[in-house]
Amino acid sequence: MIVVMKAGTPELEVNRVCDELITWGLSPEKIIGKHKVVIGLVGETAELDPYQIEEVSPWIESVLRVEQPFKRASRAYRHNESSEVVVPTPNGDVYFGEHHPLVITAGPCSVENEEMIIEVAKRVKAAGAKFLRGGAYKPRTSPYAFQGHGESALALLAAAREVTGLGIITEVMDTPDIEKVAEVADVLQIGARNMQNFSLLKQIGKQSKPILLKRGMAATIEDWLMAAEYILAAGNPNVILCERGIRTFDRQYTRNALDLSAIPVLRKLTHLPIMVDPSHGTGWSEYVPSMSLAAIAAGTDSLMIEVHPNPKKAMSDGPQSLTPEQFDQVMKDINVMAKLMNRSAEREPVLA
Ligand code: PEP
Ligand code: MN
């Protein structure tokens, strides 16, 4: 349930309403939007009478039920305003969200060695990426496949951050690793295979670094938003949703089916920022450029693209990785499309 306060309600009055609702046994959450303040009420609200709440203050504009099972993740919870996730990096704050320029994240599937990660970091930065991606802990289908270099790879990501000033996005696979990954990463990635690892979601929601939540390969949009709800409910409001393709019947020509329709659907359902990963979404580097442009046209807020200096020799996901030269070319096209969609970095962010 949300309590929408009238524009210009004095802060003291908002606090008074919150205090009153606390005496009713509720846990109000103040959400300060660009235009209005909304008070969110999550929990046992089924018995509450909206008219009774409206009586609490003449400054209350309306009291609305959030119909979806995801509450904090729903767009209604923010009174139809998109939220933004701000990530401080050595090169400055980067904003993810509907009213900000497109953000590009790029890098190899796995961090293989120092030379390659530094080289890729420099190349993707020069092409315009704001974040370096790279796995230290890799979720692999086969236990015999390369599992990532673990902690030593985290040190290499830290070195790449130091050299380039790029923000770092890397995956956390297991709860005991959260703290050490969070020491290096600016954004913590939850991979597709862990999207419904609820104990991991609860624990990661207790720390303050932003989370990139990838869509499970067999997850419905509601499953995905409920997974985001776990993180939000645990206290971390900074969640970015990443569409990375879902399983369908065709595995011969594409690794996954990139669900671009998820972009406008998410925009309707949630206030959270959106990312698209066309590399895992298709499984083949030749499809990455067209799907990147299509994702921007569909309204994504950011892209994650795998780039490797020598894809043929990659320890994981070589077939879907672009060379730095191919990435340079894609970035040129991405910039054209971003301009067309008014999401270019060359303009000031618009206010909602
Ligand atoms: C990755 O980003 O390298 C990865 C393993 O992604 P996903 O969890 O989407 O498969
Ligand atoms: Mn990968």
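The values are calculated or read from the model by the stated rules, or taken from the named source; none is laboratory data. Since the structure is predicted, the reported quantities are computational estimates derived from the model, not experimental observations. Note that each Cβ is placed from the backbone with ideal geometry, even for glycine, and that neighbours are counted across all protein chains shown. Note: accessible area is taken over every heavy atom of the protein model, side chains too, but ligands, DNA and RNA are not part of it. Shrake-Rupley method; radii C 1.70, N 1.55, O 1.52, S 1.80 Å.
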Margin query: Conditions first: (1) within 15 Å of ligand 1 (Cβ to nearest atom); (2) among the hydrophobic types (A, V, I, L, M, F, W, C); (3) farther than 23 Å from residue 84 by Cα. Residue 163 passes all but one, so which condition is the exception?
Written below: (1)
Margin query: List the helices (runs of 4 or more DSSP H) inside the range 262-313, counting only whole elements, that have at least 3 residues being away from ligand 1 (no atom under 13 Å from the Cβ).
Written below: 262-269, 288-297
Next item on the list: Restrict the check to the range 102-111 and report whether at least one residue is aliphatic (A, V, I, L, M), closer than 24 Å to residue 321 by Cβ and within 16 Å of ligand 2 (Cβ to nearest atom).
Entry: yes
Check: Does the range 131-174 hold any residues that are more than 16 Å from ligand 2 (Cβ to nearest atom) and open to solvent by 20 Å² or more (accessible area, probe 1.4 Å), and which are they?
Finding: 143, 144, 151, 152, 155, 156, 158, 159, 161, 162, 163, 174
Next item on the list: Determine the pairs where a residue that is among the polar types (S, T, N, Q), located within the range 15-44, has a partner that is assigned to a helix (DSSP H, G or I) with Cβ atoms under 8 Å apart, the partner being 6 or more residues away or on another chain.
Entry: none
Next item on the list: Determine the pairs where a residue that is closer than 21 Å to residue 224 by Cβ, located within the range 245-256, has a partner that is among the basic types (Lys, Arg) and open to solvent by less than 60 Å² (accessible area, probe 1.4 Å) with Cβ atoms under 9 Å apart, the partner being 6 or more residues away or on another chain.
Entry: 245/215; 246/215; 256/244
Next item on the list: Could you tell me whether residue 104 is assigned to a helix (DSSP H, G or I) and either open to solvent by less than 30 Å² (accessible area, probe 1.4 Å) or not assigned by TED's automatic domain parsing to the domain that holds residue 173 (or both)?
Entry: no
Margin query: With open to solvent by 10 Å² or more (accessible area, probe 1.4 Å), within 14 Å of ligand 1 (Cβ to nearest atom) and touching a strand residue (DSSP E or B) at 6+ places or on another chain (Cβ under 6 Å) as the only criterion, which of 246, 240 stands out?
Written below: 246
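So which of 339, 268, 312 is more than 29 Å from residue 238 (Cβ to Cβ) and not hydrophobic (A, V, I, L, M, F, W, C)?
On the way: 339 fails: more than 29 Å from residue 238 (Cβ to Cβ); 268 fails: more than 29 Å from residue 238 (Cβ to Cβ).
So the residue among 339, 268, 312 that is more than 29 Å from residue 238 (Cβ to Cβ) and not hydrophobic (A, V, I, L, M, F, W, C) is 312.
Do we find a residue being within 16 Å of ligand 2 (Cβ to nearest atom), at negative phi and without any contact (Cβ under 8 Å) to a residue 40 or more places away in the chain anywhere in the range 261-275?
Residues of the range 261-275 within 16 Å of ligand 2 (Cβ to nearest atom): 275.
Checking the rest, the ones that are also at negative phi come to 275.
From the residues that got through so far, the ones that are without any contact (Cβ under 8 Å) to a residue 40 or more places away in the chain too are none.
No, the range 261-275 has no match at all.
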Margin query: Of all residues being assigned to a loop (DSSP other than H, G, I, E, B) and within 12 Å of the chain's Cα centre (by Cα) in the range 201-231, which is surrounded by the fewest Cβ atoms within 10 Å (Cβ to Cβ)? Just the residue, please.
Written below: 209
Next item on the list: Please give the number of the condition residue 82 fails out of (1) outside any loop (DSSP other than H, G, I, E, B); (2) open to solvent by 10 Å² or more (accessible area, probe 1.4 Å); (3) among the small types (Gly, Ala, Ser); (4) within 29 Å of residue 226 (Cα to Cα).
Entry: (1)
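Using the structure shown, decide if residue 290 is in the same structural domain as residue 148 (by TED's automatic domain parsing) and open to solvent by 50 Å² or more (accessible area, probe 1.4 Å). Walk me through how you get there before you give the answer.
On the way: in the same structural domain as residue 148 (by TED's automatic domain parsing): yes; open to solvent by 50 Å² or more (accessible area, probe 1.4 Å): yes.
Here the answer is yes, as residue 290 does meet what is asked.
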Margin query: within 14 Å of ligand 1 (Cβ to nearest atom), open to solvent by 10 Å² or more (accessible area, probe 1.4 Å) and on the phi < 0 side of the Ramachandran plot: which single residue out of 234, 182, 257 fits that description?
Written below: 257
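Listed here are the residues, each with its yes/no results for (1) away from ligand 1 (no atom under 16 Å from the Cβ); (2) β-branched (Val, Ile, Thr); (3) touching a Pro at 6+ places or on another chain (Cβ under 6 Å).
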residue	(1), (2), (3)
116	no, no, yes
119	yes, no, yes
129	no, no, no
150	no, no, no
158	yes, no, no
187	no, yes, yes
196	no, no, no
202	yes, no, no
